[in-house]
Amino acid sequence: KLDAMENPYLLPPTLREEIAALVVNAPINRYPNPNPLILKEKISRLLGLPEGMGVLLGNGSDELIQLLALAVNKPGAALLSVEPSFVMYKMIATFIGMRYVGVPLAQDYTLDLAATLAAIEREQPALVFLAYPNNPTGNRFDPEAVRQIIRAAQGLVVVDEAYYAFASDSFVPHLADYPNLLVMRTFSKLGMAGLRCGFLAGSHAWLAQLDKLRLPYNVGVLPQLVTAKLLEHHEVLLAQAAQIKRDRVALYQRLIEIAGVTVYPSEANFLLFKVVRATDVFNGLKQRGVLIKNLHGSHPMLTDCLRVTVGTPEQNQAFVVALQESLS
């Protein structure tokens with residue numbers, strides 16, 4: 001199963017035992033803490049947030065995207081992002097009746113800065129989302145281009161760092177530089193996909209306003225407890241991420257060598273690649289017991305594109321063998 005950008009590694013047995021003990025004693029008969037300050041402080045310390053900055057917790061980043069859109073929506077308001085990118089930006093804008101503006105990326109999936117700045121000037125979006133690195137393309141946009149977008153936007157700019165653990169840069173250190181900047185992260189890609197815990201980092205002034213729209217008890221008892229425990233062992237998760245990054249390089253090299261495959265550079269835990277007749281190749285992989293993501297038909301710039309999550313070395317090898325068989 002290499003379709004959903006999940007961490008393929010289990011936690012060490014001793015850590016699983018600690019989590020099991022937490023679960024046994026968890027007060028699941030009670031509602032969760034609506035404002036888990038200790039967990040939020042752990043995250044803030046982990047990020048090294050300066051004075052005046054904090055975090056707002058969400059049930060995964062999807063809830064936070066919706067919360068942000070609801071907060072700034074009014075008649076005529078626009079949500080702007082680039083395309084192709086994370087589908088939930090457009091979906092949530094559509095769900096809540098907000099105008100969506102999608103700016104096409106360049107052919108190599110880099111930011112078309114001139115077009116993006118022109119769209120910001122023309123549309124005056126209330127909310128801009130930039131995935132950094134981008135999903136589903138995997139590349140990380142030029143940071144100076146992102147800074148120009150933040151400066152040009154009159155509304156909120158949210159840098160979505162869902163894949164921060166696999167990337168070489170972050171906008172967290174720049175939060176204090178831009179009053180309209182928020183950084184969004186999820187722990188899902190780091191190995192906590194089943195917990196559904198994400199957060200927004202930014203100024204207390206913004207977070208206090210957004211918190212007024214947050215549904216009560218949005219992060220459950222068990223996600224709060226387990227996330228706090230795992231953050232005490234953040235180095236374990238980062239070591240797994242480092243292994244995935246090494247395996248990403250190895251898998252990228254393998255795919256480059258396969259005739260008929262065009263693979264794109266990535267700073268995430270997945271690789272985007274293009275083949276002839278992607279749906280046939282996808283079905284061939286599935287018949288051989290390997291599930292990846294078929295992006296053909298999801299956007300004109302993703303024609304004949306597939307996306308594979310970086311798995312364990314054994315899973316990656318099985319994928320490569322199945323891919324070669326499917327191509328032939």
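Just a few scattered comments:
- Only one residue of Tyr264, Val310, Ser61 has its Cα farthest out toward the positive end of the dipole of the chain, where Lys and Arg carry +1 and Asp and Glu -1 on Cβ, and that residue is Ser61.
- Label-point separation in nm, Glu18 to Lys74, each point 7 Å along Cα→Cβ: 4.8
- Kirkwood-based Rg to Rh ratio, the range 31-232, C-alpha trace: 0.94
- The residues neighbouring Leu291, those whose beta-carbon lies less than 9 Å from its own, together hold a net charge of +2 under the Lys/Arg +1, Asp/Glu -1 convention.
- Cα centroid of the range 148-188 to Cα centroid of the range 23-92, whole Å: 13
- Computed extension gain for Thr262 through Ala115, at 0.36 nm per residue and net of the alpha carbon distance, reaches 50.3 nm.
- Check: the range 29-151 dipole with +1 on Lys, Arg Cβ and -1 on Asp, Glu Cβ, in debye: 420
- Chain lengthening between Ala26 and Gln287 when straightened (0.36 nm per residue, less Cα-Cα): 89.7 nm
- Restraint check, Lys90/Lys212; Lys245/Lys286; Lys245/Lys274; Lys40/Lys74; Lys1/Lys229; Lys42/Lys293, Cα-Cα greater than 32 Å: Lys42/Lys293
- Rel. contact order, % - alpha carbon contacts under 8 angstrom, at least six apart, the chain: 22
Only the coordinates and a few stated rules stand behind these numbers; no lab work does. Bear in mind that the values here come from a model prediction, so they are computed numbers and not experimental data. No Cβ is skipped: glycine too gets one built from the backbone with ideal geometry, and neighbour counts run over all protein chains shown.
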